[in-house]
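Report on the structure given below.
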Amino acid sequence: MKKYLTLLATIAALCAGTAHAQDKALNLYSARHYSTDEALYNDFTKATGIKINRVDADDAGIIARLKAEGSASPADVILLVDAARLARGEQDGLFLPIKSKPLEDAIPASLRAQPAADGGIPWFGFSTRARVVVYDKIKVKPTEVDSYEKLADPQNKGKLCIRSGSHPYNLSLFGAVLEHMGPQKTEAWLKGLVDNMARPPKGGDTDQIKGVAAGECQIAVTNSYYLARLMRSSKPEDRAVAEKVGVVFPNQSSWGTHVNIAGAAVARHAKHVDSATKFLEYLASPSAQNYFANGNNEWPVAKGVSTDNPALKAMTGGSGQFKSETIPVGAVGANQVKVQQMLDRVGFK
Ligand code: FE
């Protein structure tokens, strides 16, 4: 409730602000909340003179907000952190497809939405995170968990920790597996994951990593940045957790590791479309890409930009690179409903 009231107060402030600075302001609804993003926004303001007013909420809160506000919404740019939620925002008509050569040149086609009827692109990915497997370095060999398929293998019975199947990160992973393996194999695989669980799903990704470090389970599934965060933490106890686990990027010898994105769109009822487009183009520039990705230990996506993040380099044997899947992230989001039905049938909480 407190969060909601704060949001309302901020929106009221934004509306008051736009009346004065119609052209030189940009209203951003963001599901990101990293201190490095401040530098990112300040650089944009310095370069363009366009001031950024920000509303922070989580993905679901932002989508609900936009729907409630309708055409009166002050939002110009929307930043979300999951492909399935970006797909949902697109389906709900919350985004204004935009035509921008710099963006289409910089962002790979698999990391942005399919073109709308008018040829504009409804949203673009600006950073990627990998859904990786961590394991107990003493009890498990990396070759026993080097593919998503192997997580369901009977040899891994009683070893797996994973958060709720209905969480967007897992819905996106399972939606990708559905694209790769088809419905029958995917449902059997999900049943195998349930059979292999060390405990019923609970907590977030970091809790699964900690479960392995504490010996509650031997294998866990997590987004790469949660592990990187522990590796780079100023707290010795966090680094001790990271020390105990190994990491593999699954399916390097087949279809590649599942990646999800943080992405942005211009709002359907944006009052500053030109500034909003300029801001997205700025996010695709090499300097902004590094800020944006490193702020949450993610990978930059613009062509020709590579990571210099020490944790991501350490995870990938020094290169900072790995083979990621190439199916369009938008298709993954569209599989959500089918995946949820399968989860209900196999009893994946
Ligand atoms: Fe997260």
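Hull volume per residue, based on the alpha-carbon atoms of the chain and their convex hull, is 139 Å³. Computed with a 1.4 Å probe on the full set of protein chains, the accessible area for residue 222 sits at about 0 Å². Ordering 87, 70, 97 by the projection of their Cα atoms onto the charge dipole of segment 59-101, which places +1 on the Cβ of Lys and Arg and -1 on the Cβ of Asp and Glu, puts 97 at the extreme positive end.
Accessible surface computed residue by residue for the chain, with neighbouring protein chains in place and a 1.4 Å probe, gives 42 Å² per residue. Would you kindly state how much longer the chain becomes between residue 240 and residue 71 on full extension, computed as 0.36 nm times their sequence separation minus their alpha carbon distance, in nm to one decimal? Full-extension gain reported as 55.8 nm.
Annotation: peptides 275-285, 292-302, 178-188, ranked by per-residue average of other Cβ atoms within 10 Å with the highest first, follow the order 292-302, 275-285, 178-188. Where does the charge balance sit around residue 312 when Lys and Arg score +1, Asp and Glu -1, over other residues with C-beta under 13 Å from its C-beta? Once positives and negatives cancel, what remains is +2. With contributions of -39500 (n - 2.57) from each DSSP H run of at least four residues, the per-residue ellipticity at 222 nm computed over the chain stands at -13000 deg cm²/dmol. Over every Cα atom in segment 173-265, the radius of gyration and the widest Cα-Cα span, Dmax, amount to 15.1, 45 Å. When the chain is described by a simple charge dipole with +1 on each Lys and Arg Cβ and -1 on each Asp and Glu Cβ, the residue from 29, 135, 109 located farthest towards its positive end is 135. The relative contact order of segment 102-172 comes to 14 percent, based on Cα pairs under 8 Å that sit 6 or more residues apart. In the complete set of protein chains, residue-level accessible area for residue 308 is approximately 90 Å², probe 1.4 angstrom. Cross-link partners for residue 141 among the lysines, with Cα-Cα distance under 29 Å and sequence neighbours closer than 8 places in the same chain left out: 150, 157, 159, 185, 191, 202, 210, 235, 244, 313, 323, 349. For segment 154-169, the residues whose amide N sits under 20 Å from a probe point set 7 Å from the Cα of residue 143 along the beta carbon direction are 154-157. The heavy atoms of residue 164 offer some 40 square angstrom of accessible surface to a 1.4 angstrom probe. Calculated on C-alpha atoms, the gyration radius of segment 196-349 divided by its Kirkwood radius gives an Rg/Rh of 1.01. Remark on segment 119-226: hydrodynamic radius 14.5 angstrom, per the Kirkwood mean of 1/r across alpha carbon pairs. Treating each Cα of segment 50-155 as an identical point scatterer and summing with the Debye formula, the log10 of I(q)/I(0) at q = 0.18 Å⁻¹ comes to -0.94. Look at the dipole of the chain built from charges on Cβ: of 340, 245, 294, the Cα furthest out on the positive end belongs to 245. Residue ranking by accessible heavy-atom surface, 1.4 Å probe, largest first, among 248, 337 comes out as 337, 248.
Under the convention that each Lys and Arg Cβ holds +1 and each Asp and Glu Cβ holds -1, the size of the dipole of the chain around its Cα centre is about 560 debye.
The values are calculated or read from the model by the stated rules, or taken from the named source; none is laboratory data. Small disclaimer: the values here were computed from a predicted structure and weren't measured. Quick reminder, even Gly has a Cβ in these numbers, built from the backbone with ideal geometry, and neighbours come from all protein chains shown. What goes into the accessible areas is simple: the full protein's heavy atoms, side chains included, and nothing from ligands, DNA or RNA. Shrake-Rupley method; radii C 1.70, N 1.55, O 1.52, S 1.80 Å.
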